[in-house]
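**Student:** A single structure is presented below for examination.
The values are calculated or read from the model by the stated rules, or taken from the named source; none is laboratory data. Predicted model, so just to flag it, every value in this text is computed and none were measured. Glycine also receives a Cβ, built like all others from the backbone with ideal geometry; neighbour counts cover every protein chain displayed. Protein only, heavy atoms only, side chains kept; ligands, DNA and RNA dropped before computing areas. Shrake-Rupley method; radii C 1.70, N 1.55, O 1.52, S 1.80 Å.
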Amino acid sequence: MICILLVAGHGTILETQIKSDVTGLFAHLTGVPKALLPGVGGKKILDFWWETVNTRQLFSEVYLVTNADKYKHYERWATANDFPVENVVNDGSTTLDDRLGAVADLELAIRSRQLQDDIMVIAGDMLCADQNFDIAQVIRFFRSKPGELAIYYELESGEKSYTRGIVEVCPNTHRVMRFFEKPQEGVTASRLASVVFYCLSRESLLYISEFLIQHPDVNDRTFGTFWEWLINEEKVPVYGMKLPTGFQLIGQVGLSDYTKWLAHYSSKQQLSPSKPITCRSFARVGLMGNPSDGFNGKTIAMSIANFWAEVTLMESQTLVLLPHPLNDPTEFGSLQDLFRISRKEGYLGGLRLLQATCKKFYQFCSEQGIALSKQNFTLKYDTNIPRAIVSATLKCLMKFYNITDNDLPKPIRANFILNVETDELFITAGLQDRVVQVYEGLVYMDFNKQLMDERGYGEYIPLDMSDLPWFWLAYLGNPSDSGRIHSNVRQRWLNGESAVVEAMKSFAELTDQARNVTSRKQFGSAVKLPGSGGAVVGLCMDTERLVWWILFLI
């Protein structure tokens, strides 16, 4: 693959404002091209992009396209940064009026250097918030798709969509369905912004010449117009990949834009390494319907804060998973101690859950077209319910890598957690628990077969808990294995055994009744089994009678 860095723009607004600034703070930047201005961390903006693509394992050649007005600046930069000076392409323009246009600059590099390979195109004067993303992951994703690639990011809350090229991306195929160049408000609800960061296959380079023939006006020779034409009119397959970061200084910008975004991204970089991320996930209590969640039924369950798993993530030089001193023992007092601990607690603790979650997270992001940064971290955990470790770890990873609910929606997140346990570690588990871990609180869940088959998840509705009475929970210190109790239920259900099928239907009907019921305080406590692990849950409807009942049992 060949990389082409475009820096041929005439930054008249920014240059003019720097030159006319009366504070004197920017006098040393007078006449400096935008790409050679200081970026995040003090190094030049172009230095960052050159460091990112300067690897022979990925790119056979890297070219830089500039204009005649700034050519000497970039020639000197190339000499000082071990960039091949012969790969600096001069487009001959000296002013904004005689510019060629970004697409024509790309075509000039391809034609003049007779390039016949896949090409990555990047605007080398963009300010990027993430200084450490994985460019190899971008190339792998491009090569896995039968088409071109457009990088996009999610606009921050203060950014306006009409200032960017906006893409609508299919969440299943990741194909860019529509491209809108600086759309007016209301044209699209998407806030996914495309930037000049693309991959083009060698077979598609002919489209560039065709586009230039059809668009002779230099004002139309922008990449926004090119991708609008390629995607919306020519119907060329283009796929989108998200970088969970931000991009700024795109197009014509002023001094205030430069100083604002440089300060914003610099402060983010300074704060991020020093703050550990700690997340908790909680146990659940099944109130109605279980175990019908595994049989296209309906359930109501709630999370309880008494039992939890807590995971802490800290940025580090290498990726480290710290064993828990109690849950991941590697030293024993004797062979007898090993025997007793293994018989009671099993052979594996929480460390495998951390590792499996990290593995599946990277796999998910790669398949979903999300390029993660190359940051490393250390994970440690504490828990009194090991099954919640996966959910807590996922929360930490999402925060660390800036993965949003749009990237990994709650229903999909519940499936992800379950898949880590069942597919990766072969642990018997149900979806209900993972849904409640993700949504938290009181949740109504409908696992209707048609919904599950069509979209892969059910209908999950958080319920208001403000009017609920108090609950109490009693449990055994050494409970039974619920997986063992349910071990043959699924096969019996799949075999169509009438008793099992009817029971699951009945559980689902009771769940709907429970969702709509109005509590009546006619008993001291309504009690039920929340699962099959040795616990009971009850409603504290009449506190005095409940206390008397508990004392009677004691």
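**Student:** Pick out the one residue from 48, 83 that is in a loop (DSSP other than H, G, I, E, B) and touching a residue at least 12 places away in the same chain (Cβ under 8 Å).
**Tutor:** 83
**Student:** Modelled with pLDDT of 95 or more, out of contact with any Asp or Glu (no Cβ under 6 Å at 6 or more places or on another chain), among the hydroxyl-bearing types (Ser, Thr, Tyr) and in a helix (DSSP H, G or I): does that describe residue 239?
**Tutor:** Against the criterion (modelled with pLDDT of 95 or more, out of contact with any Asp or Glu (no Cβ under 6 Å at 6 or more places or on another chain), among the hydroxyl-bearing types (Ser, Thr, Tyr) and in a helix (DSSP H, G or I)), residue 239 does not qualify.
Yes/no per residue for (1) under 23 Å from residue 373 (Cβ atoms); (2) not acidic (Asp, Glu):
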{"site": "225", "(1), (2)": "no, yes"}
{"site": "230", "(1), (2)": "no, yes"}
{"site": "234", "(1), (2)": "no, no"}
{"site": "239", "(1), (2)": "yes, yes"}
{"site": "243", "(1), (2)": "yes, yes"}
{"site": "248", "(1), (2)": "yes, yes"}
{"site": "252", "(1), (2)": "no, yes"}
{"site": "263", "(1), (2)": "yes, yes"}
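**Student:** Can you tell me which of (1) open to solvent by less than 60 Å² (accessible area, probe 1.4 Å); (2) of a type in the set (Phe, Trp, Tyr); (3) closer than 28 Å to residue 50 by Cα is the one residue 179 doesn't meet?
**Tutor:** (3)
**Student:** Follow-up question, since we're still on this one. Within region 9-45, how many residues are part of a helix (DSSP H, G or I) and among the charged types (D, E, K, R)?
**Tutor:** 3
**Student:** Filter region 51-80 for residues that are hydrophobic (A, V, I, L, M, F, W, C) and open to solvent by 20 Å² or more (accessible area, probe 1.4 Å); which is farthest from residue 99 (Cα to Cα)?
**Tutor:** 58
**Student:** Related question: Just to check your reading of the model, which residue among 112, 161, 157 is on the phi < 0 side of the Ramachandran plot, touching a residue at least 24 places away in the same chain (Cβ under 8 Å) and among the small types (Gly, Ala, Ser)?
**Tutor:** 161
**Student:** Which helices (runs of 4 or more DSSP H) does region 299-409 wholly contain that include 3 or more residues that are open to solvent by 60 Å² or more (accessible area, probe 1.4 Å)?
**Tutor:** Answer list for region 299-409: 335-345, 351-367.
**Student:** Collect the residues in region 149-176 that are farther than 27 Å from residue 455 by Cα, of a type in the set (D, E, K, R) and either touching a strand residue (DSSP E or B) at 6+ places or on another chain (Cβ under 8 Å) or open to solvent by less than 30 Å² (accessible area, probe 1.4 Å) (or both), keeping them in residue-number order.
**Tutor:** Selection gives 159, 164.
**Student:** For region 220-237, check the following and say yes or no: at least one residue is aromatic (Phe, Trp, Tyr) and open to solvent by 20 Å² or more (accessible area, probe 1.4 Å).
**Tutor:** no
**Student:** Take residue 102 and tell me if it is surrounded by 18 or more Cβ atoms within 10 Å (Cβ to Cβ), among the small types (Gly, Ala, Ser) and closer than 15 Å to residue 212 by Cβ.
**Tutor:** The answer is yes for residue 102.
**Student:** Quick one: which of 313, 326 is under 24 Å from residue 358 (Cβ atoms), of a type in the set (A, V, I, L, M) and free of Cβ contacts under 8 Å to residues at least 40 places away in the same chain?
**Tutor:** After applying the criteria, what remains is 326.
**Student:** Determine if region 195-218 includes at least one residue that is in a loop (DSSP other than H, G, I, E, B), surrounded by 14 or more Cβ atoms within 10 Å (Cβ to Cβ), among the small types (Gly, Ala, Ser) and in contact (Cβ under 8 Å) with a residue 60 or more places away in the chain.
**Tutor:** Yes, region 195-218 has at least one match.
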